[in-house]
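Contents: one structure, followed by commentary.
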Amino acid sequence: MNAHVIGFPRMGAARELKWALERHWRGELDEGGLMAVSSELKERHWAVQAGAGLDFVCVGDHSLYDHVLDAAVMVGAVPQRFRNRECGGLAAYFRMARGDADTPAMTMTKWFDSNYHYIVPELESATIFTGRAEALRRDAARAAALGFRPKPVLVGPLTFLMLARETGGASRWDHVAGLAEAYCRILGELSGVASWVQLDEPALCLDLPPQAAEAAQYVYGELARSCDGVDILLATYFGQLRENLDLAASLPVAALHLDLVRGSGQLDEALRAVPEGMGVSLGLVDGRNVWRTDLDAAARAVDEARNALGEDRVMVATSCSLLHSPMDVEQETSLDPEIRRWMAFAVQKCAEVVALKGFARGESPALFAENREALAERRGSVRVHDPAVAGRLLSVDETMLTRKSPVAHRAVVQRERFGLPLFPTTTIGSFPQTPEIRKTRLAHRRGEISETDYADWIRGRIAEAVAQQEALDIDVLVHGEPERNDMVEYFGQMLNGFCFTENGWVQSYGSRCVKPPVIYGDVSRPGPMTVDWITYAQSLTDRPMKGMLTGPVTILCWSFVRDDIPRGEICRQLALAVRDEVTDLEAAGVGIIQVDEAALREGMPLRQDEREAYLRWAVDSFRLVTGGVADETQIHSHMCYSDFNSIVQWIGAMDADVVSIEASRSGMRLLDAFDAREFPAAIGPGVYDIHSPRVPGEDEILDLLRRALRVVPAERLWVNPDCGLKTRAWPETLAALENMVAAARRLRQEQ
Ligand code: GLN
Ligand code: ZN
């Protein structure tokens, strides 16, 4: 029985890779220096895996930017616009990832439903696959020379094909044969340095198009035919295989890896489905979360598999790559020790996998007793269970979710109250987070500035933002969010049930890492979180001031969450806490309240038939936040993405009064989905992209607004940027908003 992990974090315990990459990009560290850091990290991480007692070390899971981009380079799928450029090598690699002055980068998108982003491979009609694995081969040889047993890991051909974007009329299915050849060459190069190769096929946990089965059968058939000498581990994760189980079991591979955390419940069926001679790798240790494994339960699954298949055909593993898990809980010296004891990060998860193997062989690893104790403590802890929260949840009923009158009626009442012009102008919340703001917040966090001095200083920034907006003649103002480091962390820090790690970083993309808050217990709000800032901002102006909150779904999606109750229930707890804030803001006279749900869409389950249940509780959570306000209180929501096609009715069902969305990059085309009869709320399609410092012209904005008017009735159209302005600097912000206000004014005159 082999013990292994599906992949290991890349960045290093002190995020060494991040710092080295950024120094390299700034020209402060040459290629040799960067490669030295990278090699050192690989070796260190192999040593961690082997030191824990795992039978393999992963090779190829490390990447200087992204493992999907690495796979694209390996198979030779380099888009035309990046070919034939003078310098090859690393510079060319980073140009694909990040673009340069002449060439836009390849696009980036979320890796399944994780918060990791990969570079989307491009398939052109002219793509000619090659298939070279020198670097991977070299790494495997190096690991072997150091005495480790390397298991090269790469994105599998089906997943590569499914994730790639077809450009210039190419069809992914025309590339199956070429891709098969490339993978055969790669595996050929690896035979001799490794006995196992792991091909990651999380795509097998998706709803697949009909062509996929044939493509997979063909490619894996070719691989089996051309390369003996390497055993293929087909790694599936992020869900159950379901109807793709038969396909997976039919492929000529040596072993099939199952995610038994996200895809729990599929073991029996899988054990029955795998043919004689195919092994099974049991993904029992959660690669996506921070909690200790219930080793007793996991050991029962190992037993079951061993009884069904025999010990030789069973491996134990993490559910998916540990890329999504922080590095080492031992680094968390300031975390509450009680809560820390419940956690396991990548290093600890390696030990858990090894303990499971030990147990199966009749040993009694000490970790079992330790985990059992920690889990029992956690289950019974008063820190986790708050009867008051449970009681409140029980009292939630449909009336709490429902505004008094329908949106059309509220619009009339609100028009009366606020007297806003046609096409009201507003912004999404944040204003530039200048280096000065960040410095001051940090100094405050370190205790170098007193509470009162800090509050005074922040009030100064709010006053500035208000004055700027009045000078610009914006209709509905915001306070600018200078007190917030991050739209989720800010709220988490003021809620019960949250804790924060010091080093719990996970890679988001490239050199960027995020440190998600951890929700360990029942969530409640001890006191107001934003009321002082917002009422101060309101006191400075006669114009309406928008209160600014982060919604429950977004807080949930961007945190590590407890695994002992369903996500929907955690979301409802968060909703009650944010609802309390809405109540307080309304009582303090704040007439317009925005509840951002930036992550509503990204929280969607991967499988079509699981989406409705998710959307139901997600939308109900939003309604629980906002359902209690009076008709004359105007509820806004903001969502920063543009792919709404399948969820417009659900956004309507949130029953907000005004919804702002990202729209400029699609040239307002996405509004077509918002049929005015089906979508009764007012809508603020973003009129310019805030991701670049480019200042949009007045005519350009006017043009977009005119286009929006073809879909949105005039009395329901708002004017705002695509998203918050925190990443921008003041000069371009003022110039862009000035043009935006001017465009709105001209549009009014045209009516
Ligand atoms: N109110 C937030 C801001 O303006 C919204 C950010 C977001 O949607 N990502 O920064
Ligand atoms: Zn946004």
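The values are calculated or read from the model by the stated rules, or taken from the named source; none is laboratory data. Note that the coordinates shown come from a computational prediction; the quantities given were computed from them, not determined experimentally. Note that we place each Cβ from the backbone using ideal geometry, even for glycine, and neighbour counts take in every protein chain shown.
All conditions in (1) in contact with a helix residue (DSSP H, G or I) (Cβ under 8 Å, 6 or more places away or on another chain); (2) away from ligand 1 (no atom under 16 Å from the Cβ); (3) assigned to a helix (DSSP H, G or I) hold for Gly391, with the sole exception of (1). Any residue in segment 710-733 that is of a type in the set (D, E, K, R), touching a strand residue (DSSP E or B) at 6+ places or on another chain (Cβ under 6 Å) and within 16 Å of ligand 2 (Cβ to nearest atom)? Yes, segment 710-733 contains a residue that is of a type in the set (D, E, K, R), touching a strand residue (DSSP E or B) at 6+ places or on another chain (Cβ under 6 Å) and within 16 Å of ligand 2 (Cβ to nearest atom).
Within segment 717-731, the set of residues being in a helix (DSSP H, G or I) and either touching a residue at least 60 places away in the same chain (Cβ under 8 Å) or within 16 Å of ligand 1 (Cβ to nearest atom) (or both) comprises just one member, Trp730. Taking Phe112 as the residue in question, decide whether it is aromatic (Phe, Trp, Tyr), modelled with pLDDT of 95 or more and closer than 14 Å to Val75 by Cβ. Judged against the criteria, Phe112 is not a match. Scanning segment 4-28 for residues that are crowded, with 18+ Cβ neighbours inside 10 Å and more than 30 Å from Ser319 (Cα to Cα) yields a single hit, His24. Residue count for segment 254-278 under the criterion of being touching a residue at least 40 places away in the same chain (Cβ under 8 Å) and more than 24 Å from Asn115 (Cα to Cα): the result is 2. Selection within segment 558-586: residues that are β-branched (Val, Ile, Thr) and either at pLDDT below 95 or within 16 Å of ligand 1 (Cβ to nearest atom) (or both). The member of this set that is nearest to Pro517 (Cα to Cα) is Val578. Scanning for something away from ligand 2 (no atom under 16 Å from the Cβ), β-branched (Val, Ile, Thr) and not in a helix (DSSP H, G or I), does segment 610-633 turn up at least one residue? Checked against the condition, which is being away from ligand 2 (no atom under 16 Å from the Cβ), β-branched (Val, Ile, Thr) and not in a helix (DSSP H, G or I), segment 610-633 yields at least one hit. Of the residues making up segment 652-669, those that are away from ligand 1 (no atom under 16 Å from the Cβ) and buried (at least 21 other Cβ atoms within 10 Å of the Cβ) number 3. Of all residues in segment 366-381, how many are closer than 12 Å to Trp342 by Cβ, among the small types (Gly, Ala, Ser) and without any contact (Cβ under 8 Å) to a residue 12 or more places away in the chain? Within segment 366-381, residues that are closer than 12 Å to Trp342 by Cβ, among the small types (Gly, Ala, Ser) and without any contact (Cβ under 8 Å) to a residue 12 or more places away in the chain number 2. The condition of being more than 30 Å from Ile474 (Cα to Cα), touching an Asp or Glu at 6+ places or on another chain (Cβ under 8 Å), aliphatic (A, V, I, L, M) and not in a helix (DSSP H, G or I) holds for Val384. Residue check: is Arg707 away from ligand 2 (no atom under 16 Å from the Cβ), closer than 14 Å to Phe423 by Cβ and either over 25 Å from the mean Cα position of the chain (by Cα) or at pLDDT 95 or above (or both)? Yes; evaluated as a whole, the condition is true for this residue.
If you scan segment 231-252, which residues turn out to be part of a loop (DSSP other than H, G, I, E, B) and buried (at least 20 other Cβ atoms within 10 Å of the Cβ)? Across segment 231-252, the qualifying residues are Thr236, Tyr237, Phe238, Gly239, Gln240, Leu241, Leu251. For Ile555, the criteria (1) among the β-branched types (Val, Ile, Thr); (2) over 21 Å from the mean Cα position of the chain (by Cα); (3) within 16 Å of ligand 1 (Cβ to nearest atom) hold in every case but one, which is (2). Only a single item in (1) in a helix (DSSP H, G or I); (2) out of contact with any strand residue (DSSP E or B) (no Cβ under 7 Å at 6 or more places or on another chain) is not met by Leu187, and it is number (2). Of the strands (runs of 3 or more DSSP E) lying entirely inside segment 92-178, not one carries at least 1 residues that are in contact with a Pro (Cβ under 7 Å, 6 or more places away or on another chain) and touching a residue at least 24 places away in the same chain (Cβ under 8 Å).
State whether one or more residues within segment 689-704 are under 30 Å from Pro435 (Cα atoms), within 16 Å of ligand 1 (Cβ to nearest atom) and buried (at least 16 other Cβ atoms within 10 Å of the Cβ). Within segment 689-704, one or more residues are under 30 Å from Pro435 (Cα atoms), within 16 Å of ligand 1 (Cβ to nearest atom) and buried (at least 16 other Cβ atoms within 10 Å of the Cβ).
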